[in-house]
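The values are calculated or read from the model by the stated rules, or taken from the named source; none is laboratory data. Just so you know, these numbers come straight off a predicted model, no measurement behind them. A quick note on method: Cβ atoms are made from the backbone with ideal geometry, for glycine too, and the neighbour counts reach across all protein chains shown. Accessible surface is based on the protein model in full, side chains and every heavy atom, while ligands, DNA and RNA are left aside. Shrake-Rupley method; radii C 1.70, N 1.55, O 1.52, S 1.80 Å.
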Amino acid sequence: MNPRTSIDVRHSTCPHDCPSACALEVEVIDRSTIGRVRGSKRQTYTAGVVCAKVARYAERIHHPDRLTYPMRRSGPKGSGQFVRISWDEALDEIAARFTAAEAEFGAEAVWPYYYAGTMGLVMRDGINRLANAKKYSRFYSTICSNIAWSGYAAGTGKVAGVDPREMAKSDLVVIWGTNPVSTQVNVMTHAARARKERGARIAAVDIYDNDTMKQADIRIILRPGTDGAFACGVMHVLFREGYADRAYLERYTDCPAELEAHLAMRTPEWASDICGVPVEEIEAFARAVGETKRSFFRLGYGFTRSRNGAAQMHAALCIPAVTGAWQYEGGGAFFNNGAIFGFDKTLIEGLDTLDPTTRVLDQSKIGRILTGDTEALGGGSPVKAMLIQNTNPMTVAPEQALVRAGFSRDDLFVAVHEQFMTETAQMADLVLPATMFLEHDDLYYGGGHQHISVGARLVDPPGECRSNHEVLQGLATRLGVHHPAFDMTPREVIDATLKRSGRGTIEQLEADLWRDLQPEFRTAHFLDGFAHADGKFHFRADWSNVKVPRQLKFGPWQQMPSLPDHWAVTEQSDDEHPFRLATSPARSFLNTTFNETPSSRQREGVPTVLIHPADAAVIEVQEGDMVTLGNKRGETTLTARLDGGLRRGVLIAESVFPNSAHTGGIGINVLTSADSVAPHGGAAFHDNKVWIKKALPAPAKRD
């Protein structure tokens, strides 16, 4: 008998923090075991392809190091010493500590903290229901997308765009500010189809010769934070050489004559001095775009990692408006489809209990908040108690020296609900075992495409693992919180949310497997007008009134250039810090998810930093040497890799490795800043000035 004949292939959706939200086919062997995971060919965006990380998901869900029962810390913070306790003991203690903090310092002394370890709406965002109902400090998510969202919406009026599947119908696919070979493989599926079927070219614009760049026909390598200068130089050529579509500009854009006059001095020579791209490459790129009506700009999250990222995103987005590429199938631009889904999240987040006067704390500033920074705390009470789900701030948050100091406080109570003993869990007072996505029900949408889906529970969780929803239900009961969603199952919450949102029932969506919500062609291409009140694409950005989910203002937004330009607010290198560092994503990790899987760890090896060979020669560093990087925020040690595929003065450390993987136990985010980025906040992970030197050898051990 063939042992595989009884395997049941079930449908699901990848929950991880990636725009692709891939449609999956999962081999379910029995109620507790899965086999292979493949991309579903039945969903037209995933098109049968998933990344290698998820294809190997069995090694993660069945990993021997998974947390399977609640634990209480029995030694000093960070010692890794825990003892097993029951769920009732754990939930009782959390409720008691939250109640005590509230009694002494007020409800805002409790800060539920989470992020995108799962993108499922029920399991990711349900923690806000507890925060809203109890008037705990609210959570402002800034670590990922705010910056790029603002720049894109400043031009189009909303975060939506051309059907990303139209890349396959393009004649020039411009992949800018993203490395999809490593981070969203489906982009390459459709771009490669255009190349194969149409003879299309692929252009990559980035700051180093990454895996996507290696597959491109046109390669543009910039200095970090100079995309705006490059975009202006390109648009100068488009106007100068007659590639601007003046009829389109007159009908669909706000101030084309003003833009053209503004760009007259932004020559390729001016741009080259700033971005490092030779003049002839700027002009050749401009001509490629100008001569190709079906040019598709796939813009990425790299823009959201720089202090001037919103202005840079807006500048890049202006190019297809100058050429009129939006008019054509396979032309225009896409970043994210967040504006098309329209979910009513009242039940999930308890929005009917939200008090808008409750303090909002910035996710990226967790280090400053936990160390008592008055400004970061909004002048209010200290944070005395936390519940953390779906994130690992001890590794991923900026300003790690402050983060570590904050979590080391003896007067801070922390409960971490996790799948593995992460570096944040190691600092916790209580650790709770969490389910994975195949072990609970949830609702998903794909920001990188246009589908919604239900991911059903396919297998039973190991040991005593509980879902986020179950933990919140248990705490709500003990804290005396009343909200209808706390009395519902995840399936009931999903069903009610779909009905409230006009999306039918959970049974109907499950029957569809994945529902395609792509707007029709004219809407997606803004041919009946862009989403601003005047119906125009805005070259002149109104940064005071960008249509994004939260309108909180951060950073020097009043100083932002209204027309596309190079905005020189990045952390500039100087005599003491002669290098610019970017912490770009590693291919086999997803933030710190998959850090624990053997195949990912084997592929990534040890933390490394890419250095241009000419720079390495100056500082007398050779391939494989240990080097220390530092700035005012701290120091970390990595292995040097010499690579000519980046500009002089630039360093690339593909991340995020655990702190413990670095010599000395201090990870890369000790160097990154939590400074607020204009106009709506964000963390500039790729925007750091540093020094670099050969590491001192470790002291010899004494007998």
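Just a few scattered comments:
- Where labels lie 7 Å past Cα in the beta-carbon direction, separation of residue 696 and residue 614 in nm: 3.2 nm
- When only alpha carbons of the stretch 67-160 are considered, Rg and Dmax amount to 18.1, 54 Å.
- Residue 567 accessible area, 1.4 Å probe, all protein chains in place, Å² to nearest 10: 30 Å²
- Rg over Rh for the stretch 308-466 works out to 1.05, using Cα positions for both radii and the Kirkwood form for Rh.
- Residue 83/residue 660 FRET efficiency (R0 22 Å; Cβ-Cβ; nearest 0.05): 0.50
- Angle between the chain longest axis and helix 468-479 axis [Cα atoms, degrees, rounded to 10]: 50 degrees
- Surface accessible to a 1.4 Å probe, per residue, for the residues of the stretch 1-91, Å²: 47 Å²
- Radius ratio Rg over Rh of the stretch 274-349, counting only Cα atoms, Kirkwood formula for Rh: 1.10
- Estimated [θ] at 222 nm from DSSP helical runs (n ≥ 4, -39500 (n - 2.57)) normalised by residues in the chain, nearest 500: -8000 deg cm²/dmol
- Rounded, prolate or oblate (a/c below 1.5 giving rounded, otherwise prolate when a/b exceeds b/c) for the stretch 565-689 by Cα gyration tensor: oblate
- Volume of the Cα convex hull of the stretch 1-160, divided per residue and given in Å³: 200 Å³
- For the chain, with all protein chains in place and a probe radius of 1.4 Å, 49% of the accessible heavy-atom surface sits on carbon or sulfur.
- Principal-axis tilt of helix 279-290 within the chain, Cα atoms, nearest 10 degrees: 90 degrees
- Average accessible surface area per residue within the stretch 295-356, 1.4 Å rolling probe, Å²: 19 Å²
- Potential lengthening between residue 8 and residue 405 on full extension [0.36 nm per residue; Cα-Cα distance subtracted]: 138.1 nm
- Short-range pairs are left out: with C-alpha atoms under 8 Å and at least six residues apart, the relative contact order of the chain is 19 percent.
- Length-normalised contact order for the stretch 236-380 - Cα pairs under 8 Å, 6+ apart - percent: 22 percent
- Reduced Cα scattering model of the chain, Debye log10 I(q)/I(0), q = 0.08, 0.09, 0.11, 0.12 Å⁻¹: -0.61, -0.78, -1.20, -1.43
- Rounded to the nearest whole Hz, the Karplus-based 3J(HN,Hα) values (6.51 cos²θ - 1.76 cosθ + 1.60, θ = phi - 60°) of the stretch 601-615 follow the sequence 5, 5, 5, 7, x, 10, x, 10, 10, 7, 10, 5, x, 5, 5, with x at glycine and proline.
- For the stretch 470-545, the square roots of the Cα gyration tensor eigenvalues, ordered a ≥ b ≥ c, give a/c of at least 1.5 with a/b no greater than b/c, which places it in the oblate category.
- For the chain, the longest principal axis of the Cα atoms and the long axis of helix 227-240 meet at an angle of about 30 degrees.
- Sequence of 600, 74, 79 when ordered by accessible area, the most exposed leading, probe 1.4 angstrom: 74, 79, 600
- Residue pairs, from the table 499/553; 214/689; 293/536; 41/499, whose Cα atoms sit over 23 Å apart: 499/553; 214/689; 41/499
- Per residue convex hull volume, Cα atoms of the stretch 181-239, in Å³: 97 Å³
- Cysteine residues of the chain whose C-beta has no other cysteine C-beta under 4.7 angstrom: 18, 51, 144, 232, 255, 275, 318, 465.
- Using only the C-alpha atoms, the convex hull of the stretch 1-55 corresponds to 87 Å³ per residue.
- Taking GluC sites (Glu not before Pro) as exposed when their DSSP state is a loop state and no more than 10 other Cβ atoms lie within 10 Å, the longest site-free interval of the chain runs over 1-374.
- Against the empirical 2.2 N^0.38 Å (N residues), the stretch 580-636 has a Cα radius of gyration ratio of 1.34.
- Based on C-alpha pairs under 8 angstrom that are at least 6 apart in sequence, the stretch 421-462 has a relative contact order of 35 percent.
- For the stretch 323-330, putting each phi into the Karplus relation 6.51 cos²θ - 1.76 cosθ + 1.60 with θ = phi - 60° gives couplings of 7, x, 4, 4, 6, 10, 4, x Hz, in residue order, rounded to whole numbers and with x for Gly and Pro.
- With all protein chains modelled, accessible area of residue 37 [1.4 Å, Å²]: 10 Å²
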